[in-house]
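Note sheet for the following structure.
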Amino acid sequence: MEQSKQLKMDAREALIGNYGTYIATYLIFTLINTFVYLFLYWFLMLAASRFSAIAGVLVSFLFSILLNLLKIGLEKSALSISRHQPVNIGDLFYGLTHHPDRFLVIEFIKGLVYAVFTIIPVFVFTNYTFTKQGTDMLLQSSDVTDILSFAFPYLGGFLLITGIGTLIASLLLMPLRLSTFLLIDDSELSAMNALKKSASMMRGHMGSYFYLNYLSFLGLHLLSYVGSGLPMLWIYPYKQVTLSNFYNTLRSA
């Protein structure tokens, strides 16, 4: 717990003067991410056949991997900030411009795990819920009550499935969490060696990472929900730089 406090204090100090750049980068990523997923889930809802629905799931999986390549840029920025190095908005595209094949292997493995516990269950739920009659009703009905009675249960189920699936996948992937940082630090390191090294570095530190990543930021995440997500503009950089400090500590041990 004391280590967590120190890592977070160091993160706040490192972010002074860098919040504006990181927030701008995060906003660009969020806009791209939101646009892509809104389009994909709308496609899933309107899927006219089982084949097109399955195609939608596969496209969702591929896009999730590509979007995660952008997310690597956010980790690169956080790592640079934690080391008091300069950052810029262009860092968002780091994963696409610096040996992306290595990052693709990492993100494919992560994406596969997340797909098993999130995308596939959501697909099954969506395919079951949005029957032909349900889709027609949603598109053609002028009765707001009918639309809401249809939409709210779906949204609740969607969020529940996604939340539980994300938690399970995150816990399973925890030993591999440092692999991206390792690839950023060493351009010669292969993806598989990065995964192995991450698992080795995390051995004996899983509890500390779980506390730091999930429990210590729980209150701030609740604040974000109350604030309709706006506080994430401050919380996300703070959390990512703190996790970068965690990596720096293990790497120098």
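Scanning segment 77-112 for residues that are basic (Lys, Arg) and assigned to a helix (DSSP H, G or I) turns up 102, 110. Of the residues screened, residue 163 is one that is more than 15 Å from residue 107 (Cβ to Cβ) and free of Cβ contacts under 8 Å to residues at least 12 places away in the same chain.
Yes/no per residue for (1) touching a strand residue (DSSP E or B) at 6+ places or on another chain (Cβ under 6 Å); (2) surrounded by 15 or more Cβ atoms within 10 Å (Cβ to Cβ); (3) acidic (Asp, Glu):
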residue	(1), (2), (3)
61	no, yes, no
66	no, yes, no
70	no, yes, no
74	no, yes, no
78	no, yes, no
85	no, no, no
90	no, no, no
94	no, yes, no
101	no, no, yes
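Being in contact (Cβ under 8 Å) with a residue 12 or more places away in the chain, among the charged types (D, E, K, R), surrounded by 14 or more Cβ atoms within 10 Å (Cβ to Cβ) and under 20 Å from residue 15 (Cα atoms) holds for only one residue in 239, 197, and it is 239. Of everything listed in (1) of a type in the set (Gly, Ala, Ser); (2) under 20 Å from residue 239 (Cα atoms); (3) touching a Phe, Trp or Tyr at 6+ places or on another chain (Cβ under 7 Å), the single unmet condition for residue 80 is (3). Only one of the numbered conditions (1) crowded, with 16+ Cβ neighbours inside 10 Å; (2) under 17 Å from the mean Cα position of the chain (by Cα) is not met by residue 166, and that is (1). For segment 2-25, does any single residue satisfy the condition of being more than 19 Å from residue 74 (Cβ to Cβ), surrounded by 15 or more Cβ atoms within 10 Å (Cβ to Cβ) and modelled with pLDDT of 85 or more? Yes.
The values are calculated or read from the model by the stated rules, or taken from the named source; none is laboratory data. Small disclaimer: the values here were computed from a predicted structure and weren't measured. Because the Cβ atoms are built from the backbone with ideal geometry, glycine has one as well, and the counts that use them run over all protein chains shown.
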